[in-house]
Amino acid sequence: MTIAAKQFGSRRRLRVFTGLMWFGVPAMAGLYAASWQELPARLATHFDFANHPNGWMSREGSLTFSLVMGILVAGLATLILARVKRPDPAAWALLVLFYVILGALLWAEDATIAYNVHGKPVNVAPSLVTGIRGAIVVVIIALGTRRGVQLPASNVLAIERHGSKILGLVLGAAAVAMTAVIAAIPVVGIRIALGTAVLLMLASATLAWDGFRYVFSSSGLEIRTLGFRLRSIPAADITSYTIDRWNIIGGYGIRGVGDKRAYVWGRRGVLIKTLDGELFLGHDSPEQIVRDLDSITRNHEARGAAFSS
């Protein structure tokens, strides 16, 4: 089987499993339908961190809210994953995370029904822990995939840095505020789950503050952060590049799955096309990034000409 055929098969499987997620929406409706006659007209639908009810809805409102949330999760998964042309482990991990989120919604719906019909206590800690652990696994897998081969030592042409002190401060402040909230939560399981989320926020704040480092050399381009190599792109693999703008809807940090990646903390940057896909390098001065890429291209062409002669 050729590489193209394998990629097509992997892409088709990803789309099939993404499509199967939509069955979660009628499953939500089925849970309500099975207990509809037993449900009171007004349901406890929101619980505090001590697992006490503090929000109520009508049966119809609760059902509508659950269906809308299910549609949003399945729709977002479809929007993101349907555009992946070359699924990688990060894409599959993201698919699993979406299933975890959908499963958490189904669990929450079932727990809400059980509380209102049978008075069974609700414990939100397992759902929070599972979701946060899933997010951590996706981050780890994303950092470990599509890194490329370490470039050989060569003459460094330029080093550029791209970060955001403002976003770093905002994320850090949010982590501090959440820490204060956690201190007042009586349930240990929830405190552990939210504490893990705080660690993720602090890591993101550090990443935004320190930023990405782009190392341009005669061998190619290397992207690093906090001393960790994120990506290596040989000079021969770079096919084109152009100044572009980043859509804020795409978020910030390390973005993308499959054959697309973005390293961005702002709105401006350079879109680079390679033999292995696309990547977006965020930078406040994209013109400088273009000049650095021009240097890589000229060096690569010069080396090729020297080798030919």
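Take the residues in region 173-190 that are in contact with a Phe, Trp or Tyr (Cβ under 8 Å, 6 or more places away or on another chain) and open to solvent by less than 70 Å² (accessible area, probe 1.4 Å), then tell me which one is farthest from ALA205 (Cα to Cα).
So the residue we want is VAL187.
What number of residues within region 47-86 are in contact with a strand residue (DSSP E or B) (Cβ under 8 Å, 6 or more places away or on another chain) and of a type in the set (Ser, Thr, Tyr)?
2
Go over the candidates SER232, SER285 one by one and state the one that is open to solvent by 10 Å² or more (accessible area, probe 1.4 Å) and within 26 Å of ASN155 (Cβ to Cβ). Steps first, answer last, please.
Details: SER232 fails: open to solvent by 10 Å² or more (accessible area, probe 1.4 Å).
One residue alone meets the criteria, SER285.
For region 112-134, give me the residue count where each residue is modelled with pLDDT of 85 or more and surrounded by fewer than 18 Cβ atoms within 10 Å (Cβ to Cβ).
Qualifying residue count, region 112-134: 6.
Could you pull out the residue among LEU221, LEU200 that is touching a residue at least 12 places away in the same chain (Cβ under 8 Å) and under 21 Å from the mean Cα position of the chain (by Cα)?
Working: LEU221 fails: under 21 Å from the mean Cα position of the chain (by Cα).
Exactly one of LEU221, LEU200 is touching a residue at least 12 places away in the same chain (Cβ under 8 Å) and under 21 Å from the mean Cα position of the chain (by Cα), namely LEU200.
Of the residues THR297, THR274, which is under 26 Å from the mean Cα position of the chain (by Cα) and modelled with pLDDT of 90 or more?
Details: THR297 fails: under 26 Å from the mean Cα position of the chain (by Cα).
Criteria check complete, one pass: THR274.
In region 34-49, which residues are open to solvent by 60 Å² or more (accessible area, probe 1.4 Å) and either among the charged types (D, E, K, R) or at pLDDT 95 or above (or both)?
Listed by number, the residues that qualify are GLU38, ARG42.
Looking at VAL122, is it in a loop (DSSP other than H, G, I, E, B), touching a Ser or Thr at 6+ places or on another chain (Cβ under 9 Å) and of a type in the set (A, V, I, L, M)?
On the way: in a loop (DSSP other than H, G, I, E, B): yes; touching a Ser or Thr at 6+ places or on another chain (Cβ under 9 Å): yes; of a type in the set (A, V, I, L, M): yes.
Answer is yes for this residue.
For region 160-183, give me each residue that is in contact with a Lys or Arg (Cβ under 8 Å, 6 or more places away or on another chain) and either over 17 Å from TRP209 (Cα atoms) or among the polar types (S, T, N, Q) (or both).
ILE182
Are there any pairs with C-beta distances below 6 angstrom linking a residue in region 11-31 that is charged (D, E, K, R) to a residue that is open to solvent by less than 70 Å² (accessible area, probe 1.4 Å), with the two at least 6 apart or on different chains, and if so which?
ARG11/PRO87
Confirm whether ILE71 is touching a Gly at 6+ places or on another chain (Cβ under 8 Å) and open to solvent by 30 Å² or more (accessible area, probe 1.4 Å). Give the steps one after another, and end with the answer.
Numbers: touching a Gly at 6+ places or on another chain (Cβ under 8 Å): no; open to solvent by 30 Å² or more (accessible area, probe 1.4 Å): yes.
So ILE71 fails the test.
Could you identify the single residue in LEU95, LEU143, LEU76, LEU81 that is modelled with pLDDT of 90 or more and open to solvent by 30 Å² or more (accessible area, probe 1.4 Å)? Working first, answer last.
Numbers: LEU95 fails: open to solvent by 30 Å² or more (accessible area, probe 1.4 Å); LEU143 fails: modelled with pLDDT of 90 or more; LEU81 fails: open to solvent by 30 Å² or more (accessible area, probe 1.4 Å).
Selected residue: LEU76, the only one of LEU95, LEU143, LEU76, LEU81 that is modelled with pLDDT of 90 or more and open to solvent by 30 Å² or more (accessible area, probe 1.4 Å).
Of the numbered conditions (1) modelled with pLDDT under 90; (2) surrounded by fewer than 17 Cβ atoms within 10 Å (Cβ to Cβ); (3) more than 22 Å from GLY189 (Cα to Cα), ASP88 satisfies every one except a single condition; which is it?
The number of the failed condition is (2).
Among the residues of region 36-73, write down those that are over 24 Å from PRO126 (Cα atoms) and of a type outside the set (A, V, I, L, M).
TRP36, GLN37, GLU38, PRO40, ARG42, SER58, ARG59, GLU60, GLY61, THR64 - these are the residues of region 36-73 that are over 24 Å from PRO126 (Cα atoms) and of a type outside the set (A, V, I, L, M).
Which one of SER204, SER219 is open to solvent by 10 Å² or more (accessible area, probe 1.4 Å) and within 30 Å of PHE47 (Cβ to Cβ)? Don't jump to the end; show me each part of the working.
Details: SER219 fails: within 30 Å of PHE47 (Cβ to Cβ).
It is SER204.
The values are calculated or read from the model by the stated rules, or taken from the named source; none is laboratory data. Just so it is clear, the model here is predicted, and its values are computed rather than measured. Don't worry about glycine lacking a Cβ; one is built from the backbone with ideal geometry, like all the others, and counts go over all protein chains shown. Please note that ligands, DNA and RNA were not included when accessible areas were found on the heavy atoms of the full protein model with its side chains. Shrake-Rupley method; radii C 1.70, N 1.55, O 1.52, S 1.80 Å.
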